[in-house]
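Shown next, in structure tokens, is the structure this report addresses.
Throughout, read-outs are computed from the coordinates displayed, never taken from laboratory work. Predicted, not measured: the structure shown is a model, and the values here were computed from it. As a convention, Cβ positions derive from the backbone with ideal geometry for all residues, glycine included, and neighbour counts pool all protein chains shown.
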């Protein structure tokens, strides 16, 4: 993994051509990173999991993490894990007011951020059962220079292109307020260099995406566990 300070310096030097930070500050670069990570997740999100210890008196509702990117029922898995290395998978169901609780080996999310399970574990004993949720998440945004950027190595250039596009939008908004391009006459060549640069970055991004396979989130975890 690469540290945020090194990644930021490379981005400012190689994408923005602003190594001395005369146009974009480190704080703005962090904003571009946050937006770029969210954009990148649409192509390649972070596969991860979370778990909950199941008490002896089973509970039927669990609070999900706030970084879930895609629909859990479509792209995730939910299962009970026992200390003898056996599993009990739950099936996703669509929430309605008619969903029978405590009967189905199923799960659903309602309201948003709350995971409901339809049945207790088959062999519940305090301390021997864990509820595991596999899901796709947004990438973590660093808060310190020494924090790492957790995207795959092949996706770093793609992330920088996303960030550059956001940077051009930011600077273009600043310049539009002083009406720098208001005097362009009909028939003149394009005067807004930032717009040209943003279009070039978009083209590079599309080419970069074409070189890689978009993440298959529907079958990812199901293939892993053979379900």
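General remarks:
- The mean of 1/r over all distinct Cα pairs in segment 1-140, once inverted, gives the Kirkwood hydrodynamic radius of 17.7 Å.
- Cβ-based exposure ranking for 163, 1, 46, 158, in which fewest neighbours within 10 Å come first: 1, 46, 158, 163
- Counting neighbouring beta carbons within 10 Å and listing from fewest to most, the residues 60, 7, 52, 32 come out as 60, 52, 7, 32.
- Per-residue Cβ neighbour rank within 10 angstrom, fewest leading, 82, 87, 135: 87, 82, 135
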